[in-house]
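The values are calculated or read from the model by the stated rules, or taken from the named source; none is laboratory data. Quick caveat, the model's predicted, so the values are computed rather than measured. With ideal geometry, Cβ positions are generated from the backbone for all residues, glycine too; neighbour counts draw on all protein chains shown. Surface areas here come from the heavy atoms of the whole protein model, side chains and all, with no ligands, DNA or RNA. Shrake-Rupley method; radii C 1.70, N 1.55, O 1.52, S 1.80 Å.
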Amino acid sequence: MKRVFSGIQPTGIPHLGNYLGAIRNWVALQADHECIFCLVDLHAITVWQNPADLREQTRQQTAVLLASGIDPVGQILFNQSAVSAHARLAWIFNCVARLGWLNRMTQFKDKAGKDRENHSAGLYVYPNLMAADIMAYKATRVPVGDDQRQHIELANDIAQKFNHDYGVEFFQTIEAFVPPEAARVMSLRDGTKKMSKSDASAQSRIDMTDDADTIALKVRRAKTDPEPLPCAAEGLEGRPEARNLVGLYAVLSGMNVDQVLTQHGGEGFGPFKQALADVLISRIEPIANETRRLLADTAHLDTVLREGAARAGAIAEPIVSEVEKIVGFLK
Ligand code: AMP
Ligand code: TRP
């Protein structure tokens, strides 16, 4: 059975992009993989976080994952900082990865923008920590959204260079598992930008804790163009907002884009948005309700994470100890 590892940052509330691009696939992979899912709090602090918020959001994220169907008993769910192997292996990878490789990372360029000098060193070496997350478990399948592909390639470069520099065959090649649909859910306010926790406008995203009225309102207010829906996929060319909404409807209703347009082509956005709000609410509302129920018992959430961390540590510890021996640390 292949081992899966994936992570999500416990910053902000998980949104529809996280759910469709990541969480939903995590849930599906559980059926035939050994899965390790991680709330990456070490990654979160690469940008300053209010400590109380970080704690609260770690629990909130845990609750959303459980409410979405992650099984913390059959699989492993934990927070990254609770297993020290991540930070230890990340340091070794900091010494393997080349500055030139990190300079090519588009996520850093996007996040740091023009103000590069003023960002943390942690944000810069973020991909090395991500590589360590995966390699500490020798996981080989990594479900992520499209935006993380480059980081997975970098992880493979690091693993290969490590093997080469130390003359070992220790790390295997890993594969990104990017589902074809909903790999990029776009903002409801701008169809050219991805839906993101860091967007200043709450109207740009649907949070997994939104209630039915909030979802309906956000969908009604979503940016569109004045044309009716086209009758075939080609007609979505140059219409990023229409493409996004049709894509969302398709994923949520289990149809392909052409089938959606056969049903709704020629319609104005009014009735289509109503139909979209309905499928969104029927998917999200039960998760939001279960999340609220779980959040009422923080002791239970903390126990889930603590037990997950103990099981994760038992896998990572011998692997990272072996790496430490390979590099020559006296142990
Ligand atoms: P993050 O919120 O950046 O920690 O992302 C957690 C997971 O959600 C990663 O696998 C991302 O690729 C995925 N993800 C984040 N935003 C989107 C989006 N707008 N569309 C699809 N996947 C996303
Ligand atoms: N960098 C990922 C993101 O922002 C989160 C992440 C951290 C991750 N470590 C990981 C994803 C390991 C997959 C595997 O989405």
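Tell me the per residue accessible area of region 79-152 using a 1.4 Å probe; a whole number in Å² is fine.
For region 79-152, the per-residue accessible area is 44 Å².
Could you give the semi-axes, largest first, of the ellipsoid that matches the chain, computed as the square roots of 5 times the alpha carbon gyration tensor eigenvalues and rounded to whole Å?
Gyration-tensor ellipsoid for the chain: 36, 22, 18 Å.
Helix-only estimate, please: 222 nm mean residue ellipticity of the chain, summing -39500 (n - 2.57) across DSSP H runs of length 4 or more and dividing by its residues, to the nearest 500.
The helix contribution divided over the chain gives -16500 deg cm²/dmol.
For ILE174, enumerate residues with amide H under 5 Å from its amide H, sequence gap 5+ or separate chain, H modeled in the peptide plane.
none
Mark the label point 7 Å from the Cα of THR262 along Cα→Cβ and return the residues of region 269-289 whose backbone N is within less than 20 Å of it.
Answer for region 269-289: 272, 275-276.
Give me the one-decimal nm value for the distance between modelled label points at ASP225 and ALA200, 7 Å along each residue's Cα-to-Cβ direction.
Going by the 7 Å Cα→Cβ label model, 2.7 nm.
Note down the magnitude of the dipole of region 196-328 about its Cα centre, charges +1 on Lys and Arg C-beta and -1 on Asp and Glu C-beta and zero elsewhere, to the nearest 20 debye. All intermediate terms of the calculation are to be shown ahead of the outcome.
On the way: 15 positive and 21 negative charges, 37 e Å.
So the magnitude is around 180 debye.
Give me the distance between the Cα centres of region 266-331 and region 82-129, rounded to whole Å.
23
Just to confirm a number: summing +1 for Lys and Arg and -1 for Asp and Glu over residues other than ALA233 whose beta-carbon lies under 14 angstrom from that of ALA233, what do you get?
-2
For the pair ALA232/THR140, report the inter-label distance in nm, with labels modelled 7 Å from Cα in the Cβ direction.
The two pseudo-label positions are separated by 4.2 nm.
To the nearest 20 debye, what charge dipole does region 38-149 have about its Cα centre, counting +1 at the Cβ of each Lys and Arg and -1 at the Cβ of each Asp and Glu?
With only Lys, Arg, Asp and Glu charged at Cβ, the dipole is about 400 debye.
Can you send over the carbon and sulfur percentage of the accessible area for region 41-135, probe radius 1.4 Å, protein chains only?
On region 41-135, the fraction of accessible area on carbon and sulfur atoms equals 55 percent.
Could you work out the mean projected area of the convex hull around the alpha carbons of region 187-331, in square nanometres to one decimal? Numbers along the way, then the final one.
Values: hull surface 54.2 nm².
That works out to 13.6 nm², a quarter of the Cα hull's surface.
Rounded to the nearest 20 Debye, what is the dipole magnitude of the chain about its Cα centre when Lys and Arg each give +1 and Asp and Glu each give -1 at the C-beta?
Here the chain has a charge dipole of around 560 debye.
Would you mind computing, in nm to one decimal, how far apart the modelled labels at GLN107 and GLU285 are, each placed 7 Å from Cα along Cα→Cβ?
Distance between label points: 3.5 nm.
As I understand it, the dipole of the chain uses +1 on the Cβ of Lys and Arg and -1 on the Cβ of Asp and Glu, about the Cα centre. Which of MET255, HIS119, ALA314 lies farthest toward its positive end?
Of the options given, the answer is HIS119.
For region 190-260 and region 136-176, what is the separation of their C-alpha centers, rounded to whole Å?
Between the Cα centre of region 190-260 and that of region 136-176, the gap is 34 Å.
Tell me, what HN-Hα J-couplings in whole Hz come from the Karplus equation 6.51 cos²θ - 1.76 cosθ + 1.60 at θ = phi - 60° for each residue of region 237-251, using x for Gly and Pro?
In residue order, the calculated couplings are 3, x, 10, x, 5, 4, 4, 5, 5, 5, x, 4, 4, 4, 4 Hz.
Give the long-range amide H neighbours of GLY7: residues separated by 5 or more places, or on another chain, with amide H under 5 Å away, using H modelled in the peptide plane at 1.01 Å from N.
Answer set, sorted by chain and number: CYS38.
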